[in-house]
Amino acid sequence: MPYELTNHNKLTLAIHSTDDSFGFAYRENKNSLSENFFTKKFEKDLCNNLIVDFSNFITKENLKRINKISVSIGPSNFNASRQIIVLARTLAQQINCSLDSFSSFELMAKRIATQNNIYYDKNSFWIFKKLKRRGYIAGKYEICISEKPNKNITIKEKIIPKIFEELADTESSYQAEYSDIEDLKELLNLSNKNSQHSSSNTWEKVLPLYPISPIN
């Protein structure tokens, strides 16, 4: 006999891509012990493998349990971003669930702040990616520490990643560092918190974030 879905056993699905990889993850209602991950490197075979790998990753039973999807929108490999967003939009439409989206730089911002120990002497910082032909893609992030006893640290995206000819603040700029599993975890975290800086809860408005042509 099929069981009735409750908030406890519903799933959040995360879909992510980088310059040379993609991945999926799901979590049962904020329960980190229930997390499951899949990541894979790609070359020119992403179009052929994405749907097959996703179908192998999640069962039909778990697909029915999804009530929220969280997807990264770039900047990353242009074709990868486009294809995972098409997948996320299609699933959200078919399942009739909400779709959260976050920039790839926002996913790594908290990790970069921790690794570089910048909580104590900076209120904001930049994350950048050097382009092959010209300039940089960079986004600006603000550190927020709550006044509660546990002093939770959150990161707000103040300027979404866009193109710059030069970096304005080199001392407070850090190079983008993708991490498949950690970025998927942050996708789940931000979606589960129902973050106010989620770009949209409807699939129609979720689009790739790529401020330059695909060939740069």
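The values are calculated or read from the model by the stated rules, or taken from the named source; none is laboratory data. Here the structure is a predicted model, which means the values were calculated and not measured. Note that we place each Cβ from the backbone using ideal geometry, even for glycine, and neighbour counts take in every protein chain shown. Ligands, DNA and RNA are excluded from the accessible area calculation, which covers all protein heavy atoms including side chains. Shrake-Rupley method; radii C 1.70, N 1.55, O 1.52, S 1.80 Å.
Points to keep in mind about this one:
- Solvent exposure of region 1-95, expressed per residue, is 53 Å² of accessible area, with all protein chains present and a 1.4 angstrom probe.
- Two-decimal ratio, region 47-138, of alpha-carbon radius of gyration to 2.2 N^0.38 Å: 1.38
- Estimated 222 nm signal from helices in the chain, with DSSP H stretches of n ≥ 4 weighted -39500 (n - 2.57), rounded to 500: -9000 deg cm²/dmol
- Highest-fluctuation residue, K185, K129, K193 considered, GNM on the chain with Cα pairs under 10 Å: K193
- Charged neighbours of E61, selected by a Cβ distance under 13 Å, balance to +3 (K, R count +1; D, E count -1).
- Taking 0.36 nm per residue of separation and subtracting the current Cα-Cα distance, fully stretching the chain between N67 and A168 would add 32.2 nm.
- Charge tally for L209 (other residues, Cβ to Cβ under 13 Å; Lys, Arg +1; Asp, Glu -1): +2.
- Residue of I69, I85, I160 that the Gaussian network model of the chain assigns the largest fluctuation, springs spanning Cα pairs under 10 Å: I160
- Evaluated with a Cβ-only charge set (Lys, Arg +1; Asp, Glu -1), the chain carries a dipole of roughly 300 debye about its Cα centre, given to the nearest 20.
- Net length available on complete extension from E177 to Y119 is 19.1 nm, with 0.36 nm assigned per residue and the Cα-Cα distance removed.
- Cβ-defined net charge surrounding C47, 12 Å radius [Lys, Arg +1; Asp, Glu -1]: -1
- GNM result for the chain, Cα springs below 10 Å: residue of T12, T114, T202 fluctuating most strongly: T114
- Applying D = kT/(6 pi eta Rh) to region 25-181, where Rh is the Kirkwood radius over alpha-carbon pairs, T corresponds to 4 °C and eta to 1.567 mPa s, the Stokes-Einstein value obtained is 73 µm²/s.
- Measuring nothing but protein heavy atoms, the accessible surface of the chain at 1.4 Å probe radius is 48 percent carbon and sulfur.
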